[in-house]
Amino acid sequence: MKLTDCDSCLVYGTDKKPLSRARVEEVKENVLRLFFLSPRLRNARLKTIVDFYDRQHGRVRCLCEVILKKNPAYFETAEPWMADCTILKIYEVLQRQKDLRVDVHISLEFVRSDGKYFTGTIQDISAGGMYVITAHKLDMEQKFSFIYTFKHEKRIVDVKVVRIKEMGGGYGYGCRFIGLSPDTEADIRSFVYMNQIQKRLDKKKKTEGAEDEFLL
């Protein structure tokens, strides 16, 4: 399988824990070049798992041969390390980003289809929909929209209520995106991918910090 629209990945260490995220450039089919912002790497040759985040295919988990080395163009790109990466085997393709959901806390103003405004907070999001909490009462199938910058440009997103949960002093709404343009869907996928990677890296740093405190 050929990666179609991939510019980022997450490389795992031989301990199967996340090592570092990387920018991806394709050299030819199944042969890629990775660029790392992290300075905490070293020259190495290893076979390891790499998760590629492709906007068309979804998350593509592969066994790869990765050859880490210093980046000679470091002063131009600010990426001290690079790697030659060859895909040896594809383990898993999670086809739709809507199957991947990330917890967030995004407070926004929304507008109903009848023009009335209300405020709420998005608590999780995927490429298929989101969960929002608000004090505002909505009906099943109620449509509303919001504007948000998921990547570089502001996007208008239309949604429809498909699930309602009453809570103390408010409501929780499971919502499905409707009529997404290809560019908007791609931006939401990228947003979810990047947030997932960051959460994994934050968890890894927190674990390492706890281990350091224990050793002290």
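Note on SER20, SER126: ascending count of other Cβ atoms within 10 Å places them as SER126, SER20, the fewest first.
Counting only residues at least eight positions apart within a chain, or on another chain, the lysines with an alpha carbon under 19 Å from that of LYS165 are LYS137, LYS143.
Annotation: lysines with alpha-carbon distance below 29 angstrom to LYS69 (same-chain offsets under eight excluded): LYS2, LYS16, LYS17, LYS28, LYS47, LYS89, LYS199, LYS203, LYS204, LYS205, LYS206. Extents of the stretch 99-189, largest first, come to 35, 28, 20 Å (Cα atoms, principal axes, whole angstrom). Taken one residue at a time, the phi angles of the stretch 143-154 give Karplus couplings (6.51, -1.76, 1.60, θ = phi - 60°) of 9, 8, 9, 8, 10, 8, 9, 7, 9, 10, 10, 5 Hz. Gly and Pro are set to x. In this structure the amide hydrogen of ASP124, modeled in the peptide plane, comes within under 5 Å of the amide hydrogens of VAL104, TYR131, none closer than 5 places in sequence on its chain. As a calculated quantity, the FRET efficiency between VAL162 and ARG200 at R0 = 41 Å, using C-beta atoms, amounts to about 0.90. Among the GluC sites (Glu not before Pro) within the stretch 1-77, those in coil by DSSP and having at most 16 neighbouring Cβ atoms inside 10 Å are GLU29. Whole-Hz Karplus values for the stretch 67-84 come out as 10, 7, 7, 5, 8, x, 9, 3, 5, 8, 9, 6, 10, x, 10, 9, 8, 8 Hz, taken residue by residue from phi with 6.51 cos²θ - 1.76 cosθ + 1.60 and θ = phi - 60°; glycine and proline positions read x. What FRET efficiency do you get for THR86 and TYR148 if R0 is 41 Å and r is their Cβ-Cβ distance, rounded to the nearest 0.05? Efficiency computed from Cβ-Cβ geometry: 0.60. Of the labelled options [x] 8, 35, 34, 17, 5, 0; [y] 8, 33, 38, 18, 3, 0; [z] 8, 29, 28, 20, 12, 3, 0, which one gives P(r) over Cα pairs in 10 Å bins from 0, in percent as computed for this structure? Among [x] 8, 35, 34, 17, 5, 0; [y] 8, 33, 38, 18, 3, 0; [z] 8, 29, 28, 20, 12, 3, 0, the one calculated here is [z].
Each residue of the stretch 168-175 was assigned a 3J(HN,Hα) from its phi angle through the Karplus expression (A = 6.51, B = -1.76, C = 1.60, θ = phi - 60°), giving x, x, x, 9, x, 10, x, 10 Hz with x at Gly and Pro.
By the gyration tensor of its Cα atoms, with a ≥ b ≥ c the square roots of the eigenvalues, what is the shape of the stretch 6-95: rounded for a/c under 1.5, prolate for a/b over b/c, or oblate? Prolate shape, in that a/c is at least 1.5 and a/b is the bigger ratio. Look at the dipole of the stretch 6-95 built from charges on Cβ: of CYS6, ASN30, THR48, the Cα furthest out on the positive end belongs to THR48. Each residue in THR149, THR121 was given a count of other beta-carbon atoms within 10 angstrom of its own, and listing them fewest first yields THR149, THR121. When the charge dipole of the stretch 81-136 is built from unit charges on Cβ atoms (+1 for Lys and Arg, -1 for Asp and Glu) and taken about the Cα centre, the candidate among GLY115, HIS105, ALA83 whose Cα reaches farthest toward its positive end is GLY115.
Computed about the Cα centre, the dipole magnitude for the chain is approximately 360 debye when only Lys and Arg (+1) and Asp and Glu (-1) carry charge, each at its Cβ.
Bear in mind that the values in this text are calculations on the coordinates, not laboratory data. Everything numeric in this text was worked out from a predicted model, so none of it was measured. Note that we place each Cβ from the backbone using ideal geometry, even for glycine, and neighbour counts take in every protein chain shown.
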